[in-house]
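Down below is the structure, laid out as structure tokens.
The values are calculated or read from the model by the stated rules, or taken from the named source; none is laboratory data. Please read all numbers here as calculations on a predicted model, not as lab measurements. Cβ coordinates were reconstructed from backbone atoms using ideal geometry, including for glycine residues, and neighbour counts include every protein chain displayed. SASA here: full protein model, heavy atoms, side chains in, ligands and nucleic acids out. Shrake-Rupley method; radii C 1.70, N 1.55, O 1.52, S 1.80 Å.
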Amino acid sequence: MKSYNITLLKGDGIGPEIINEAVKVLNVTAEKYGFGVNYEEALLGGCAIDATGVPLPQETVDKCKSSDSVLLGAVGGPKWDTQPGSNRPEAGLLGIRGALGLFANLRPAVIFEPLKNASPLREDIIGEAMDIMIVRELTGGIYFGKRGNFEEDGIPAAYDTEKYNVNEIQRIGRVAFDMAMKRNKKLTSVDKANVLDSSRLWRKTMIELSSEYPEVELNHLYVDNCAMQLVRNPKQFDVIVTSNIFGDILSDEASMISGSIGMLASASLNSTKLGMYEPIHGSAPDIAGQGIANPLATILSVAMMLRYSLDESKAADAIENAVAEVLKTTRTPDIYTEGMKKVSTSEMGDAVCALIK
Ligand code: NAD
């Protein structure tokens, strides 16, 4: 029987609670679809600072590197807010992304039919359902470019640099074109080519790459226009590919359209099949330990892991279908509406498991 090694980074706040439910669902799915899963836990974030003094111990990097995939809860919380920047829980997150070479961030912005009324957009704007995949470059651009502080005519000044080379653009471009091929074959590349040289290189490279994918319809939008189009007519999008900083902003905008932060998953991939999968929300310290966190984003992250790292797409479908089904009747408090059954974190995990079995 095939078996996969998964490193669990439960992290802080609600992290352990939501990971426990995701593991429950993965175990049931593995049993049904005939594969095994071995788990190994490692420390990241605030819990790692408490135990070892640093947010990303080397042991965690080693465990993640030697596994088939990594499942992360969330890190951070007020307890560690006074740590210096380089030793904050979030520094651990950036560190593990760098150590694993995770250059592609996939952020689906999906509205499940039963949650349509949670979206801040009118129903006629979102239509039947929304399903956009944002592919964000994660290890280049202005967040990693040359930066500095200096004095300009005696006045304090600072600068950051947006830089991409063709290889970096092709690498993320291929992830996005491949993704479009698996979906509706429509790719929107987002840049600021009317102003930035780095964006002009981005656009030229995407156009050249498109000759390798004749079936994919490629179009281009300036980032400011894309931000508007996402709320004016989100139905026009299938896959969006963009740089680190533009993707950071647009993926948050797109996730807000879906209306519930506890529902959205994400994946970060490197050039092998190794990926790190996590919900987009944080550690929610305000509700940690109360058993009311919504575990569905983490459960949907497991579905992404099965699809993109482990090639178990039937198992991934089963989890996604079970989540769509459970939402018709069962809700955690953050997405509760009248007439539904209100459940705890673990009851939600059980309800998803019951639909998969
Ligand atoms: P947050 O996402 O943790 O919480 C925002 C709001 O959404 C809170 O009211 C919270 O209760 C609610 N919420 C979030 N996830 C939920 C869930 N699964 N179910 C129900 N409600 C949920 O964002 P924040 O409050 O800005 O940040 C809290 C901590 O998390 C900070 O330390 C921040 O740095 C960290 N953070 C970590 C990550 C990560 O680990 N990837 C991402 C974002 C923020």
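Greater than 28 Å separation of Cα atoms is the criterion. Which listed pairs, LYS2/LYS342; LYS63/LYS341; LYS32/LYS328, meet it? It would help to have the intermediate numbers written out before the result.
On the way: LYS2/LYS342 37 Å; LYS63/LYS341 40 Å; LYS32/LYS328 23 Å.
Over 28 Å apart, Cα to Cα: LYS2/LYS342; LYS63/LYS341.
Excluding ASP311 itself, what net charge comes from residues whose Cβ is under 12 Å from its Cβ, given Lys and Arg +1 and Asp and Glu -1? Provide the component values of the computation, followed by the final result.
On the way: positive: LYS2, LYS273, ARG307, LYS314; negative: ASP68, GLU312.
With Lys, Arg at +1 and Asp, Glu at -1, the net is +2.
Taking only C-alpha pairs under 8 Å that are 6+ residues apart, what is the relative contact order of segment 134-199 in percent? Working shown, then result.
Details: 50 pairs, mean separation 17.4, N = 66.
About 26 percent, as a whole number.
Taking the chain as a Gaussian network, where each spring joins two C-alpha atoms under 10 Å apart, which residue of LEU106, LEU44, LEU201 fluctuates the most?
LEU201
Once the other residues with Cβ under 15 Å from the Cβ of GLY53 are scored (Lys, Arg +1; Asp, Glu -1), what is the net sum? Mind showing how you got there, number by number?
Details: positive: LYS79, ARG88; negative: ASP50, GLU59.
Cβ neighbours under 15 Å give a net charge of 0.
Per DSSP helix of 4 or more residues, -39500 (n - 2.57); summed, then divided by the residues of the chain. What does that give at 222 nm, rounded to the nearest 500?
-12500 deg cm²/dmol
Output the relative contact order of segment 1-146, whole-number percent, from Cα pairs under 8 angstrom with separation of 6+ residues.
Values: 227 pairs, mean separation 34.8, N = 146.
Normalised by residue count, the contact order of segment 1-146 is 24 percent.
Which loop GluC sites (Glu not before Pro) in segment 173-215, with loop taken from DSSP, have no more than 12 other Cβ atoms within 10 angstrom of their Cβ? All intermediate terms of the calculation are to be shown ahead of the outcome.
Values: sites: GLU208, GLU212, GLU215; in loops: GLU212, GLU215.
Those that pass, being in a loop and sparsely packed, are GLU212, GLU215.
Lysines near LYS182 by alpha-carbon distance under 16 Å, same-chain residues fewer than 8 away left out - which ones?
LYS314
Leaving out same-chain residues fewer than 8 places away, which lysines sit with a Cα under 19 Å from that of LYS186?
LYS204, LYS235
Give, as ranges by residue number, the residues of segment 119-158 whose backbone N falls under 15 Å from the point 7 Å along Cα→Cβ of ASP197.
Under 15 Å, as judged by backbone N against the label point of ASP197, lie 146 of segment 119-158.
Can you put ASP191, ASP81 in order of accessible area, largest first, using a 1.4 Å probe?
Details: ASP191 0, ASP81 80 Å².
Largest accessible area first, the residues go ASP81, ASP191.
With a Förster radius of 45 Å, plug the Cβ-Cβ distance of ASP317 and TYR159 into 1/(1 + (r/R0)^6) and report the FRET value to the nearest 0.05.
Details: r = 47 Å, r/R0 = 1.05.
Working from the Cβ atoms, E equals 0.40.
Let me test this: with uniform point scatterers at the alpha carbons of segment 45-172, what is the Debye-based log₁₀ I(q)/I(0) at q = 0.19, 0.21 1/Å?
-1.11, -1.16
Can you tell which of MET276, MET130, MET305 shows the greatest fluctuation in a Gaussian network model of the chain with Cα springs below 10 Å?
Highest fluctuation among the options: MET130.
What Rg and what Dmax come out for segment 105-146 when only alpha-carbon atoms are used, in angstroms?
Cα only, segment 105-146: 15.1, 46 Å (Rg, Dmax).
Which net charge results when you count Lys and Arg as +1 and Asp and Glu as -1 among the other residues whose beta-carbon is under 12 Å from that of ARG171? Don't skip to the end; give the middle numbers.
Details: positive: ARG174; negative: GLU137, GLU168, ASP178.
Spelling it out: positives minus negatives among the neighbours equals -2.
Please give me, ordered by residue number, the trypsin sites (Lys or Arg not before Pro) of segment 290-330 that lie in loop per DSSP and have at most 11 other Cβ atoms within 10 Å. Don't jump to the answer; show the numbers that get you there.
Working: sites: ARG307, LYS314, LYS328; in loops: LYS328.
Answer by residue number: LYS328.
Out of every Cα-Cα pair in the chain, what percent are more than 35 Å apart? Provide the component values of the computation, followed by the final result.
Values: 14872 of 63546 pairs.
Of all Cα-Cα distances in the chain, 23 percent exceed 35 Å.
If one computes the Cα centroid of segment 66-92 and of segment 184-258, what distance in Å separates the two points?
The two parts, judged by their Cα centres, are 29 Å apart.
For segment 120-257, place one equal point scatterer on every Cα, skip the solvent, and apply the Debye formula. What is log10 of I(q)/I(0) at q = 0.09, 0.19, 0.21, 0.22 Å⁻¹?
-0.30, -1.07, -1.25, -1.34
Under 5 Å between amide hydrogens, which residues at least 5 positions from ILE134 or on another chain qualify, with H placed 1.01 Å from N in the peptide plane?
ARG107, ALA109, ILE240
Between LYS65 and PHE144, with labels modelled 7 Å along Cα→Cβ, what's the label distance in nm to one decimal, could you check?
The modelled label-to-label distance comes out at 1.7 nm.
Looking at segment 229-321, what % of the alpha carbon pairs are farther apart than 17 Å? It would help to have the intermediate numbers written out before the result.
Numbers: 2580 of 4278 pairs.
When all Cα pairs of segment 229-321 are counted, 60 percent exceed 17 Å.
Once you keep just the Cα pairs under 8 angstrom separated by 6 or more residues, what percentage relative contact order results for the chain? Write out the running numbers ahead of the final one.
Numbers: 763 pairs, mean separation 79.8, N = 357.
For the chain, the relative contact order is 22 percent.
Show which lysines lie in cross-link reach of LYS146 when reach means a straight Cα distance below 20 angstrom and same-chain residues fewer than eight apart are skipped.
In chain and number order, the partners are LYS163, LYS192.
Between THR329 and SER346, 0.36 nm times their residue separation minus their Cα-Cα distance comes to what?
Answer, rounded to one decimal: 4.5 nm.
Run the Debye formula on the Cα coordinates of segment 56-108, all scatterers equal and no solvent, and tell me log10 I(q)/I(0) at q = 0.15, 0.19, 0.28, 0.31 1/Å.
-0.48, -0.74, -1.22, -1.31
Extension gain GLU212-ASP252, at 0.36 nm per residue separation less the Cα-Cα distance, in nm? Don't skip to the end; give the middle numbers.
Numbers: separation 40, 0.36 × 40 = 14.40 nm, distance 3.03 nm.
Here the answer is 11.4 nm.
Please report the antiparallel percentage of DSSP beta bridges with both residues in the chain, rounded to the nearest 5.
Values: 22 of 51 bridges.
In the chain, approximately 45 percent of DSSP beta bridges are antiparallel ones.
By how many nm would the segment from ALA118 to ARG174 lengthen if fully extended, with 0.36 nm per residue of separation less the alpha-carbon distance? Present the calculation step by step, with values, prior to reporting the outcome.
Details: separation 56, 0.36 × 56 = 20.16 nm, distance 3.37 nm.
Answer, rounded to one decimal: 16.8 nm.
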